[in-house]
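Novice: One structure coming up, written as structure tokens, with questions to follow.
The values are calculated or read from the model by the stated rules, or taken from the named source; none is laboratory data. Note that the coordinates shown come from a computational prediction; the quantities given were computed from them, not determined experimentally. Cβ placement follows ideal geometry from the backbone for every residue including glycine, while neighbour counts extend to all protein chains displayed. Keep in mind that these areas ignore ligands, DNA and RNA; they rest on the heavy atoms of the full protein, side chains included. Shrake-Rupley method; radii C 1.70, N 1.55, O 1.52, S 1.80 Å.
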Amino acid sequence: MIPMHEVPGNALPGPAAIETTGLTKRYGKVTALSGCTVSVPEGRICALIGPNGAGKTTLLRLLAGLSRPTAGQVTVNGTTPRQDPAFLADIGFLAQEIPLYRRLSAEDHIRVGAHLNPRWDAESVRERLTGLKIPLDRAVGKLSGGQRAQVALALILAKQPRLLLLDEPVAALDPLARRNFLGLLADAVAADGLTVVLSSHLVADLERVCDHLIMLASSRVQLCGDLEELLAEHRILIGPRKDTTAIERSHRVVQINRTPRQTTLLVRLNGPVADPAFEASDVSLEELVLGYMGQDAPSEPAQLTTVGEEQ
Amino acid sequence: MTWLVWRQHRIQFLVGAALLAAFAVLIVITGVQVANQYHAAQMACAASHACRNQGGLFLGSHAVGFLIISTLGAPALVGLFVGAPMVAAEAEAGTTQFAWMQSVTRKRWLTVKIGWMLLAAAIWGGAISALVTWWEGPNNALQLDAFDPGRFDIMGVVPVAYSLFAVALGIAAGALLRRVLPAIAVTLAGFIAVRALIILLLRPHYMNAVTVFYKVTSGFTPPGSYWSLASGVVGPNGQQLAQPNNINYIDGVPASYLPAACTQVSRGAFTPPPSCTQALSHFRAFLTYQPADRYWTFQGIETGIFLALAAILIAVTAVALLRRDA
């Protein structure tokens with residue numbers, strides 16, 4: 001299932017850090033995630049994008065083993081998520097709510113982590129928080145939201161996981177702190193072969209550091225694959241207002257926008273664009289994301305599972 | 001894990017230890033006074049050969065007596081303030097998601113936490129009970145009411161079992177409801193309900209009660225601190241007689257059942273006429289009771305019941321936390 005050609009910007013992708021097949025989670029009658037089939041190779045920074053309620057948190061919690069799938073398979077670091085110290089040691093999950101013991105200080109949390117984890121880089125946390133001028137001895141409940149997020153992020157890195165799952169970790173950070181943190185993540189990935197899945201609404205941030213994309217909408221996977229390849233496979237076509245059935249026949253149209261004067265299409269290419277009346281231009285991540293968020297068509301998992309094979 | 005439990009709950013533990021220490025100081029000081037009072041009373045009555053009638057002697061003070069009886073509620077406190085928040089407070093604050101993403105399984109997290117909470121509850125219940133049992137020693141010897149719920153339930157081993165049950169109930173309620181206040185409310189209501197139901201419905205029947213029939217003209221008192229469950233008078237046909245308040249009795253038998261001659265006996269010091277003695281001999285008094293020597297058996301059975309309930313609640317907690325989604 002691994003594409004054998006060169007992926008731009010990467011050497012050969014390694015084995016998958018995450019592999020899911022038909023992953024489904026229902027809470028009573030509500031389907032939070034449906035038929036999710038994705039794959040993330042090791043060493044990637046994967047953006048997890050989707051509108052609110054698309055199932056991002058559900059997917060991350062399933063990967064972390066905090067909840068169990070209703071149907072389907074999930075494989076993380078080569079095994080099914082389970083209650084086992086060795087599995088847990090390799091996973092870092094930071095929930096959106098930034099769970100920390102409010103009455104305990106950062107230093108207390110460092111000691112807790114040291115007691116509960118086989119690998120623990122306490123010095124890195126102290127160094128990092130001191131550098132950010134965050135007091136180590138103050139109860140974290142008394143820190144600002146951004147400082148708390150920094151403490152939680154430093155702690156999760158100290159655990160030295162192989163897979164890091166971050167649910168909107170940068171939402172509480174100011175732009176500079178955000179940039180610094182994402183830089184830190186990129187360094188950790190380059191140095192330790194860490195894999196990261198990062199959910200966020202801040203597409204510009206994600207575009208800067210991510211090289212992989214999972215896009216969810218309406219509890220389904222819309223896109224999954226290497227970010228550059230996905231961008232390369234999509235075009236925005238702008239042309240006169242006329243019949244587009246020819247284009248729809250040969251390419252997959254993600255979104256159509258018709259104004260009285262012109263038609264704008266976001267298409268997933270299936271070969272070159274033949275119609276000279278349409279001008280093709282490259283897409284940005286933001287345009288891609290907005291295009292897929294706008295459409296509510298069911299996904300085609302078979303096509304989307306592995307990028308590259310279909311070319 | 002243990003360090004985390006200590007760091008998270010040290011305020012609760014320290015407050016509990018401080019309360020225990022204050023209670024112990026008070027009980028030891030007043031307990032010595034009670035013991036001295038008792039010895040003085042024993043010496044005095046021995047001199048006048050009147051030691052049988054010491055039942056009315058009151059030892060201690062009303063304030064301490066009130067504190068002693070209020071230890072009935074002590075087991076509930078651990079349930080409300082230690083048990084109920086254990087899981088619920090973490091679920092509310094989301095910190096379970098911190099703890100469960102360290103390299104520690106949920107099972108180990110739960111085992112260690114529950115273990116320390118149960119140990120704390122046992123120490124709490126045991127220490128209070130030991131102090132109360134010691135303080136009440138002289139009174140137990142005098143009053144002979146060891147089976148009274150106000151005394152049986154605060155002495156011996158049962159307070160330990162109540163404390164373990166209360167903390168387990170709190171933990172289970174917190175694990176199921178995942179909110180602190182509802183968990184506290186359910187713990188309080190559940191604890192009172194279970195305790196009351198067992199006192200009223202189960203405890204009298206732990207062992208088959210003994211019923212003794214005796215002549216109404218003679219008396220019968222079982223030895224020691226027995227537990228009287230029922231008493232009354234049975235008529236010639238074997239039916240139990242109603243005993244309303246507003247009529248005259250002769251030896252426990254309503255006067256209306258007896259010849260008129262008997263009424264005079266009750267008023268004067270005359271030897272009862274043979275017709276009256278004859279009539280009374282058809283009646284039997286009875287006493288249904290649990291003998292005094294069953295005290296520790298009853299304590300043991302009650303302890304067993306509450307330990308079993310605690311075990312069931314711990315199992316419910318484990319299922320709620322380990323089987324369900326986090």
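Novice: How many partner chain Cβ atoms sit within 10 Å of a residue's Cβ in peptide A:112-125, on average, as a whole number? Please report the intermediate quantities before stating the final value.
Specialist: On the way: counts 8, 4, 1, 7, 11, 3, 1, 1, 2, 0, 0, 0, 0, 0.
Across the residues of A:112-125, the mean count of other-chain Cβ atoms within 10 Å is 3.
Novice: I would also like to ask the following. Taking every DSSP beta bridge that has both residues in chain A, what percent is antiparallel when rounded to the nearest 5?
Specialist: In chain A, approximately 70 percent of DSSP beta bridges are antiparallel ones.
Novice: Here is a follow-up. Rounded to whole Hz and in sequence order, give me ³J(HN,Hα) for the stretch A:240-255 from the Karplus expression 6.51 cos²θ - 1.76 cosθ + 1.60, θ = phi - 60°, writing x for Gly and Pro.
Specialist: Computed from phi, the couplings for the stretch A:240-255 are x, 6, 7, 4, 10, 4, 5, 5, 5, 6, 9, 10, 8, 8, 7, 8 Hz.
Novice: Tell me the net charge near A:THR31. Cut-off is 10 Å between Cβ atoms, A:THR31 excluded, with +1 for each Lys or Arg and -1 for each Asp or Glu.
Specialist: +4
Novice: Averaged per residue, what accessible area in Å² does the stretch A:231-294 show with a 1.4 Å probe, protein chains only? Before the final figure, lay out the partial values.
Specialist: Numbers: 3560 Å² over 64 residues.
It amounts to 56 Å² per residue over the stretch A:231-294.
Novice: Calculate how steeply helix B:158-177 sits against the longest principal axis of the alpha-carbon atoms of chain B, using the helix alpha-carbon long axis, and give the answer as 0 to 90 degrees to the nearest 10.
Specialist: 40 degrees
Novice: Further question: What order, most packed first, do the peptides B:175-187, B:288-300, B:192-204 have when packing is the mean number of other Cβ atoms within 10 Å of each residue?
Specialist: Highest mean packing first, the order is B:175-187, B:288-300, B:192-204.
Novice: Among the helices of chain A (complete DSSP H runs), which have Cα atoms covering no less than 18 Å along the helix axis and a Kyte-Doolittle mean of at least 0.0?
Specialist: Answer set is A:145-158, A:175-192.
Novice: Hey, another quick one. In Å² (nearest 100), what accessible area is buried between A and B, both sides summed, heavy protein atoms only, 1.4 Å probe?
Specialist: Approximately 2700 Å², summed over both chains.
Novice: Provide the FRET efficiency to the nearest 0.05 for the B:GLN37-B:ILE11 pair, computing r from the beta carbons and using R0 = 22 Å.
Specialist: Approximately 0.05, to the nearest 0.05.
Novice: Summarise the partner chain shielding of B:88-100 as one whole number: the mean count of Cβ atoms from other chains within 10 Å of each residue's Cβ. Before the final figure, lay out the partial values.
Specialist: On the way: counts 0, 0, 2, 0, 0, 7, 6, 6, 3, 12, 16, 4, 7.
Per-residue shielding by partner chains comes out at 5.
Novice: Amide H of B:LEU229 versus every other amide H placed in the peptide plane: which residues, excluding those fewer than 5 positions away on the same chain, fall under 5 Å?
Specialist: Placed amide hydrogens put B:THR288, B:TYR289, B:GLN290 under 5 Å from B:LEU229.
Novice: Could you work out how much longer the chain between A:GLU107 and A:LYS133 gets when fully extended? Use 0.36 nm per residue separation minus the Cα distance between them, nm to one decimal.
Specialist: On the way: separation 26, 0.36 × 26 = 9.36 nm, distance 1.38 nm.
Using 0.36 nm per residue and subtracting the Cα-Cα distance, I get 8.0 nm.
Novice: Right, another one. Quick check: residue separation of B:LEU20 and B:THR277 times 0.36 nm, minus the Cα distance between them. What number comes out in nm? Intermediate results must be reported in sequence, preceding the final value.
Specialist: Numbers: separation 257, 0.36 × 257 = 92.52 nm, distance 6.00 nm.
Full extension from B:LEU20 to B:THR277 adds 86.5 nm.
Novice: Of the beta bridges DSSP finds with both residues in the protein assembly as shown, what % are antiparallel, to the nearest 5?
Specialist: If we restrict to bridges inside the protein assembly as shown, about 75 percent are antiparallel.
Novice: To continue, here is another question. Tell me, what is the FRET efficiency for A:SER124 and A:ARG241 to the nearest 0.05, using R0 = 60 angstrom and their Cβ-Cβ distance as r?
Specialist: About 0.55, to the nearest 0.05.
Novice: Just list whichever of A:LYS133/B:LYS113; A:LYS56/B:LYS113; A:LYS56/A:LYS242; A:LYS29/A:LYS56 have alpha carbons separated by over 29 Å in the model shown.
Specialist: A:LYS133/B:LYS113; A:LYS56/B:LYS113; A:LYS56/A:LYS242, as the Cα separations exceed 29 Å there.
Novice: A follow-up question, please. Enter the accessible area per residue of the stretch A:1-150 (Å², integer; probe 1.4 Å; all protein chains in place).
Specialist: So the stretch A:1-150 comes to 44 Å² accessible per residue, rounded to a whole number.
Novice: Can I ask one more? Can you figure out the FRET efficiency of A:ASP187 with B:ALA311, using R₀ = 45 Å and their beta-carbon distance, to the nearest 0.05?
Specialist: That pair, A:ASP187 with B:ALA311, gives E of 0.30.
Novice: Mind running the shape call on the stretch A:231-294? Use the C-alpha gyration tensor, a ≥ b ≥ c as the square roots of the eigenvalues: rounded below 1.5 for a/c, prolate if a/b tops b/c, oblate otherwise.
Specialist: Oblate, since a/c reaches 1.5 and b/c is not below a/b.
Novice: Taking the solvent-accessible surface of protein heavy atoms with a 1.4 Å probe, what is the per residue accessible area of the stretch B:210-290 in Å²?
Specialist: That works out to 59 Å² per residue.
Novice: Next question. For helix B:2-48, report the angle its Cα long axis makes with the longest principal axis of the Cα atoms of chain B; keep it between 0 and 90° and round to the nearest 10°.
Specialist: Computed tilt is about 20 degrees.
Novice: Full extension from A:SER250 to A:GLN73: what is 0.36 nm times the residue separation minus their Cα-Cα distance, to one decimal in nm?
Specialist: Values: separation 177, 0.36 × 177 = 63.72 nm, distance 3.34 nm.
Answer, rounded to one decimal: 60.4 nm.
Novice: If exposed means no more than 15 neighbouring beta carbons inside 10 Å and the site is in a DSSP loop, what's the longest run of chain A without any exposed GluC sites (Glu not before Pro)?
Specialist: In chain A, the maximal stretch lacking such sites is A:98-308.
Novice: On to the next question. Could you grab the relative contact order for chain B? Cα pairs under 8 Å, six or more apart, rounded to a whole percent.
Specialist: Working: 404 pairs, mean separation 71.8, N = 326.
Reported as a whole number, the value is 22 percent.
Novice: While we're here: Okay, which of the stretch B:218-250 sit inside 18 Å, backbone N to the point 7 Å along the Cα-Cβ direction of B:LEU144?
Specialist: What the label zone holds, given the 18 Å backbone N cut-off, is B:218-232.
Novice: Can you give the average number of partner chain beta-carbon atoms within 10 Å of each beta-carbon in peptide B:102-109, as a whole number?
Specialist: Across the residues of B:102-109, the mean count of other-chain Cβ atoms within 10 Å is 6.
Novice: Carbon-plus-sulfur fraction of the accessible area of the protein assembly as shown, 1.4 Å probe, in percent?
Specialist: Here it works out to 60 percent.
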